[in-house]
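Some notes on the structure that comes next.
Read the figures in this text as sums done on the coordinates, not as results from a lab. Computed from a prediction, not measured in an experiment: that's the story for all the values here. FYI the Cβ positions are ideal-geometry reconstructions off the backbone, even for glycines, and counts take in every protein chain you see.
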Amino acid sequence: MRYVILVLGIIISLHFILSFSHEDYGRATSISNLKNTITGAASHQPPYKAGVPEDYYYHSNGTAPGPRANAAFVILARNSDLNGIVFSMKQMEDRFNKKFQYPYVFLNDDDFSDEFKRRITALTDAKVEFGKIPRDHWYQPDWIDEEKASKARDEMVKAQVIYGGSVPYRNMCRFNSGFFFRHELLDKYKYYWRIEPDVNFYCDLDYDPFLIMQNEKKVYGFTVSLYEYETTIPTLWDAVKGDTIIPSCSLVRSDRPPEFMDENPDMLQEGNALGFISDDAGGTYNRCHFWSNFEIGDLDLWRSDAYMKFFEHLDKKGGFYYERWGDAPVHSIGAALFAKKEQIHFFNDIGYKHNPFQHCPQGDAHTKGKCWCDPSDNFDYHWYSCLARYDKMFT
Ligand SMILES: Nc1nc2c(ncn2[C@@H]2O[C@H](COP(=O)(O)OP(=O)(O)OP(=O)(O)O)[C@@H](O)[C@H]2O)c(=O)[nH]1
Ligand SMILES: [Mg+2]
């Protein structure tokens, strides 16, 4: 008996020594972790790795039983994008929406042609609405210094920056950053799924991602993340951060006009995803962004006071025109600062391609979705992808 007590004593002492001297050992054997393992709650891994619970799935054909979320697809397009939109939308219908029947909202800075409307409505039984964007939500504002803007465009053309010389492209980026969610046709909705022309949806989606968003209180969903071209956003982070030191959010000097965080130090969400966009606790932007040609999001994130103030501040800086700020980094920085990291979701089982990158589900997810992409062509942990940084926030 004495020996049993002695051996037990040695084991317990060793456990305590290892717990303090080896972080991983301590973490792996902590009471809370053991409890998580027992209850199945994932710890130290991104929530998406646990997969979507089976009771969300509807594998049969025919209309899936309710409930539905208050959601719509949002498609910004020109009449000339018609064939590319048909290509994307037909796949969305076949892979998902035939069974779920979510409505579509099409937006354009021009009037949609009758042919556009006819060919689009022929593709679905769901409701489709076509809207025109108000002029002041689209065009370059008159307080932008056009001489400065055109010089910047010329320089970007010389530097061979993609769309560097285009004003309509800049209008589009500014609209997607700060205006699409204010269009009256979207007023009645809470969630949206953005679709672009010429994209691929590779897998059967037998569950409703909007319900995941709603039930799990997610506010932003993505499938691909990557680095932004430096030349398109040289002063973007400076306009966000200014002189503020994060995480203490205190000012160091004030000899220049204040930037967004200088003026709104209380607006950052606790437990946010700053770790995704910065490797030095907010000192610099690492250029990681969610690729916004695919987005499933909560419109209330963009309608929030924090994001509206954030957008207004960026807009006044003029960087949508003096540089070529994209809606992807602007949305990503907004989501990273104003949402909790758990509220940003990687839709691992949605196979998706927008040229030139694709997310192709791996292993069981590929089989379950009957995906037709080549699993070896997958951007997830490519050197130019930011998914590893997203994962790291949870480890
Ligand atoms: N109405 C309208 N829609 C536009 C305009 N420019 C772009 N879009 C739409 O805005 C979205 C993004 O434009 P894209 O041209 O796909 O931009 P991108 O994804 O950065 O670049 P690509 O590699 O060409 O796809 C798409 O849904 C386009 O249809 C425009 O001038 N007017
Ligand atoms: Mg595109």
Helix 167-178 axis, angle to the chain major axis (alpha carbon atoms, nearest 10°) = 50
message = Please compute the length gained on full extension between ALA281 and ASP364, using 0.36 nm multiplied by the number of residues separating them and subtracting their Cα-Cα distance.
response = 26.3 nm
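So how do 290-299, 257-266 stack up, highest first, on mean other-Cβ count within 10 Å?
Ranked by mean Cβ neighbours within 10 Å, highest first: 290-299, 257-266.
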key: Candidates per trypsin sites (Lys or Arg not before Pro) in region 127-229, loop by DSSP, up to 14 other Cβ within 10 Å   = LYS127, LYS188, LYS217
note = Sorted by chain and number, the residues with a modelled amide H under 5 Å from that of GLU295, at a separation of 5 or more or across chains, are ARG194
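Calculated from DSSP H runs of 4 or more alone, at -39500 (n - 2.57) each and per residue, what is the 222 nm mean residue ellipticity of the chain, nearest 500?
-10500 deg cm²/dmol
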task = Kindly rank 116-125, 325-334 from highest to lowest mean number of other beta carbons found within 10 Å of each residue.
result = 325-334, 116-125
ask   = Given LYS148/LYS317; LYS148/LYS241; LYS127/LYS370; LYS151/LYS317, which pairs have Cα atoms separated by over 18 Å?
value = LYS148/LYS241; LYS127/LYS370
message = Residue by residue through region 210-220, what is 3J(HN,Hα) from phi via Karplus (6.51 cos²θ - 1.76 cosθ + 1.60, θ = phi - 60°)? Round to whole Hz and write x for glycine and proline.
response = 5, 5, 4, 4, 5, 6, 9, 6, 7, 10, 8
inquiry  = Cross-link candidates for LYS132: which lysines have Cα within less than 26 Å, leaving aside residues fewer than 8 places away along the same chain?
reply    = LYS90, LYS117, LYS188, LYS190, LYS309, LYS316
note = For ASN272, the residues 5 or more places away or on another chain with a placed amide H closer than 5 Å to its own amide H are LYS341
task = For the chain, build the charge dipole from Cβ charges (+1 Lys, Arg; -1 Asp, Glu) around the Cα centre, then report which of GLY282, PHE311, VAL167 sits farthest towards its positive end.
result = GLY282
key: Length-normalised contact order for the chain - Cα pairs under 8 Å, 6+ apart - percent   = 20
Rh (Kirkwood; distinct C-alpha pairs) - region 71-392, Å = 20.4
request  = Provide, for q = 0.18, 0.26, 0.28, 0.32 Å⁻¹, the log10 of I(q)/I(0) from a solvent-free Debye sum over equal Cα point scatterers in region 354-395.
outcome  = -0.59, -0.94, -0.98, -1.06
